[in-house]
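Notes to accompany the following structure.
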Amino acid sequence: RPRPSLPAAVVGAGLGGSAVAYFLQQHFGPQVQLDVYEPAGVGGRLATITVNKQQYESRGAAIHALSLHMQDFVKMLGLKHRREVPGKSAIFSGEHFVLEETDWYLLNLFRLWWHYGISFLRLQMWVEEVMEKFMRIYKYQAHGYAFSSLEELLRSLGGDAFINMTQRSVAESLLEVGVTQRFVDDVVAAVLRSSYGQSVLVPAFAGAMSLVGAQGSTWAVEGGNKLVCSGLLKLTKANVIPARVTGVSLHSSEGRALYQVHYDGSEGQGSAFYDMVVVTTPLHPSRSNFTFKNFEPPIADFPGAFQPSVTSVVHGYLNSSYFGFPDPKLFPFASILTTDTPDLFFNTMDNICPVNISAAFRRKQPQEAAVWRVFSQQPLDKQQLKTLFRSYYSVQVTEWQAYPRYDATKSLPPIVLHENLFYLSGVEWVASSMEMIAVAAKNVALLAYNRWHQDLEKIDQKDLMHKVKTEL
């Protein structure tokens, strides 16, 4: 018989933590009492930076049009899509632009065909096939189905083919469907460097999710994407505790697991007891020194490493000569991607707009001082900044362990660590995006609910497409 109340802890108040708190309350109702632990600000990697009294996204900037959970959050919270300010992109090899976008759609298509034959069509068909199968997850979740492992989730969407896509590179998969090596080296490499800061050796599934974001429309939230996190937590009326969780101890109570969450806060160390815990921060040794006590067998270490990434937000004058445009007035690009060239010291740079865009806002002319966001693997030194900018007013640098290093491990982390103890962040080892995290949050909430109520018919079901059709 369910207890009158269910105390639950969520570790982390980024998108994963705020979304899982919302979904837990949606399914359990007022029975669940939520404490959300967060030592830094709500929003996690969805953060903004202030330049000249204006706020800009420092990372986590674009959301794809097919991100249905994110669309729902924005609608439900009464937030708005940010007004789009058009700007052209180009891919830079370190010496010249290998591909340049124009204002004319047909000319862009012609250029792609002229340079790469039908490779871009083959890429599009491959990505669309993956996305068509991935979109089944929304139907399964709407019917209350959940998965106890990432492998089961992937298998239900795309069979063994999806599992294989986490174990072989995107380059290998694309070459197999007839995409040329040149297209992979120029275009696919540039997209993966801009999204994950990694090469075409990332697994095919993570690559497909990154490539779908590069083609098709993307959007962002007016006022900053982090408003989704604060909005969900406010809606959930969760109790946000400004403290860093250091570990979880297992105790037994009336035949159910009882967890003691240990934390460090501004007033020193403390702990609290919960029937359910969801960890949404990475548990890999390079990212945390989180301890699990009294578990038998012990909870194993999580293999794999994280890719360091550096965001430099620079307010200054672009050195367009470096890109082959001696006259800055003629420089036409707002976004510069790069190929995987040893001498290139940055992955991508964008002329970014503030998170609040008025109707009168216009993008700065190329000869004017603008705010540029540069992604690189190492902090930029003075000489490198001088290469990219004629002069600048300010540079703000954020170093962060951005994404899993996808070539570091082939195994996927577990979702269930113990009875009513769940791990959400492991989904990033399949692919890392806001929507993947939202999908994982919904899955964990459904899994927790179905297990709590012993509704095993809703967990790890086979042939779900057929089941969902018959339910309809």
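The values are calculated or read from the model by the stated rules, or taken from the named source; none is laboratory data. Keep in mind that this is a model prediction, so the values were computed, not measured. Cβ placement follows ideal geometry from the backbone for every residue including glycine, while neighbour counts extend to all protein chains displayed. Heads up: the accessible areas ignore ligands, DNA and RNA and are worked out on the full protein's heavy atoms, side chains in. Shrake-Rupley method; radii C 1.70, N 1.55, O 1.52, S 1.80 Å.
Relative protection proxy for 289-298, 88-97, from highest mean packing down: 88-97, 289-298 (other beta-carbon atoms within 10 angstrom). Between Lys88 and Glu254, the simple label model (points 7 Å from Cα in the Cβ direction) yields a spacing of 6.8 nm.
Anything over 28 Å Cα to Cα? Flag those among Lys410/Lys467; Lys88/Lys133; Lys53/Lys80; Lys133/Lys442; Lys226/Lys293; Lys88/Lys139, in the order listed.
Working: Lys410/Lys467 31 Å; Lys88/Lys133 31 Å; Lys53/Lys80 21 Å; Lys133/Lys442 18 Å; Lys226/Lys293 33 Å; Lys88/Lys139 36 Å.
Beyond 28 Å between Cα atoms: Lys410/Lys467; Lys88/Lys133; Lys226/Lys293; Lys88/Lys139.
When region 352-396 is described by a simple charge dipole with +1 on each Lys and Arg Cβ and -1 on each Asp and Glu Cβ, the residue from Gln367, Gln396, Pro379 located farthest towards its positive end is Gln367.
Starting from 0.36 nm per residue, how many nanometres of slack lie between Asn356 and Thr180 once their C-alpha separation is accounted for? The span from Asn356 to Thr180 would gain 59.3 nm if fully extended.
On average over all directions, what projected area in square nanometres does the chain have, based on the convex hull of its Cα atoms?
Working: hull surface 94.6 nm².
Here the figure is 23.6 nm², rounded to one decimal.
Peptides 101-111, 44-54, 427-437 ranked from most to least packed give 427-437, 44-54, 101-111, packing being the mean of other C-beta atoms within 10 angstrom over each peptide's residues.
Count charges around Pro203 for me, please; just the other residues with Cβ under 9 Å from its Cβ, Lys/Arg as +1, Asp/Glu as -1. Intermediate values should be presented prior to the final figure.
Details: positive: Arg168, Lys410; negative: Asp407.
Charge balance in the 9 Å sphere: +1.
For Ile241, what charge total do you get from the other residues with a beta carbon under 12 Å from its beta carbon, if Lys and Arg give +1 and Asp and Glu give -1? Net of charged neighbours comes to -3.
May I ask for the net charge around Met76, where only other residues with Cβ less than 14 Å from the Cβ of Met76 are counted and Lys, Arg are +1 while Asp, Glu are -1?
Numbers: positive: Lys75, Lys80, Lys234, Lys442; negative: Asp72.
Summing Lys/Arg as +1 and Asp/Glu as -1 gives +3.
Using only side-chain charges placed at the Cβ, +1 for Lys and Arg and -1 for Asp and Glu, the dipole size of region 248-296 relative to its Cα centre rounds to 160 debye. The label point for Lys386 and the one for Glu399, both projected 7 Å from the Cα toward the Cβ, are 2.3 nm apart. The charge dipole of the chain, taken about the Cα centre with unit charges on the Cβ atoms of Lys, Arg (+1) and Asp, Glu (-1), comes to about 1040 debye, rounded to the nearest 20. Simple rule: put +1 on each Lys or Arg Cβ and -1 on each Asp or Glu Cβ in the chain, find the dipole, and look at Val279, Leu66, Phe120; the Cα lying farthest toward the positive end is Leu66.
For the chain, the solvent-accessible area works out to 45 Å² per residue, with a probe of 1.4 Å and every protein chain left in place. A dipole drawn for the chain from +1 and -1 charges on Cβ atoms has a positive end, and of Asn294, Pro242, Ser195 the residue lying farthest that way is Pro242.
In the chain, helices alone account for a calculated mean residue ellipticity at 222 nm of -9000 deg cm²/dmol, with every DSSP H run of four or more residues adding -39,500 (n - 2.57).
Full extension of the chain between Glu95 and Ser217 yields a length gain of 41.0 nm, computed as 0.36 nm times the residue separation minus the alpha carbon distance. Placing dummy labels 7 Å off each Cα toward the beta-carbon, the span from His115 to Leu456 is 5.5 nm.
Spatial offset of region 204-275 relative to region 69-86 amounts to 21 Å, using the alpha carbon center of each.
Which value, in debye to the nearest 20, describes the size of the charge dipole of region 314-365 about its Cα centre when Lys and Arg Cβ atoms bear +1, Asp and Glu Cβ atoms bear -1, and nothing else is charged?
360
Here r is the Cβ-Cβ distance between Asn52 and Tyr138 and R0 is 30 Å; the resulting FRET efficiency, rounded to 0.05, is 0.15.
Within the accessible surface of the chain, defined with a 1.4 Å probe on protein heavy atoms only, the carbon and sulfur portion equals 52 percent.
Quick one: if the Förster radius is 25 Å, what FRET efficiency do Glu296 and Phe273 give, using the C-beta to C-beta distance and rounding to 0.05? Write down the numbers at each step before the final one.
Working: r = 19 Å, r/R0 = 0.77.
Efficiency, from the Cβ-Cβ distance: 0.85.
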